[in-house]
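None of the figures in this text is laboratory data; all of them are computed from the coordinates on show. From a predicted model like this one, the values you see are computed outputs, not experimental measurements. Glycine also receives a Cβ, built like all others from the backbone with ideal geometry; neighbour counts cover every protein chain displayed.
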Amino acid sequence: MNVSELLRLLQTEHDETAAQAGNLREQIERLTTALKETEDRLAELAATRKVIDGLTSPGHATAPAEAATATVYQRIVNTFNEHPGKVFRVHDLHEHLGLPTDEPSVNVTRSRLGRLVRQGLLEQPGRGRYQKRT
């Protein structure tokens, strides 16, 4: 084996190794990007979970949405049954039940109260006021 043949074999091996290193760098770049995206999504999910946990009442396990809705309806009806002559405003009802008083939550309760009025369980003696139907 002469020197020129040895240099050619060395160059061939160098080129193959350099190509392999390039491929590995590309894989690392793709995996790094995928890892960052996955970690970002995990952070979003953790933040969402924290917000939802903060909105649920303490001492209650997180329930499916339907059960949670039924529970809120039941708590509303129970409140009116416990205070049959009392007129509640939506914000007062939220404070009484320990529910969040932000506008979206209050609007959901306003809709629920409207349904209970239509079902004949409650009456509306004035705008924004609700009481148990007598």
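Have a look at Ile28, Gln124, Thr71 and report the one farthest towards the positive end of the charge dipole of the chain, computed about the Cα centre with Cβ charges (Lys/Arg +1, Asp/Glu -1).
Farthest along the dipole direction, towards plus: Gln124.
Which of the DSSP-defined H helices in the chain satisfy a minimum axial length of 15 Å, computed from C-alpha atoms, and a minimum mean Kyte-Doolittle hydropathy of -0.5? Each step should come with its number before you reach the end.
Working: long enough: 3-55 (77 Å, -0.45); 65-82 (25 Å, -0.14); 103-118 (22 Å, -0.57).
Counting only whole DSSP H runs, the qualifying helices are 3-55, 65-82.
At what distance in nm do the modelled label points of Asn81 and Ala46 sit from each other, each positioned 7 Å from its Cα along Cα→Cβ?
4.3
For the chain, take N as its residue count and report Rg(C-alpha) divided by 2.2 N^0.38 Å. Can you show the working numbers first?
Values: Rg = 32.1 Å, N = 134, 2.2 N^0.38 = 14.1 Å.
In units of the 2.2 N^0.38 Å rule of thumb, it is 2.27.
For q = 0.29 Å⁻¹, what log10 I(q)/I(0) does region 72-113 give under the Debye formula with an equal point scatterer on each alpha carbon and no solvent?
Once normalised to I(0) and log-transformed, intensities are -1.12.
Determine the relative contact order of the chain: mean sequence separation of Cα pairs under 8 Å and six or more apart, normalised by residue count, in whole percent.
Dividing the mean separation by the residue count of the chain yields 19 percent.
Rounded to the nearest 500, what is the chain's calculated 222 nm mean residue ellipticity when only DSSP H runs of at least 4 contribute -39500 (n - 2.57) each, over all residues?
When only DSSP H runs of four or more count, the value is -25000 deg cm²/dmol.
About the Cα centre of the chain, what is the dipole size in debye to 20, counting +1 per Lys and Arg Cβ and -1 per Asp and Glu Cβ, all else neutral?
Value, rounded to 20: 1600 debye.
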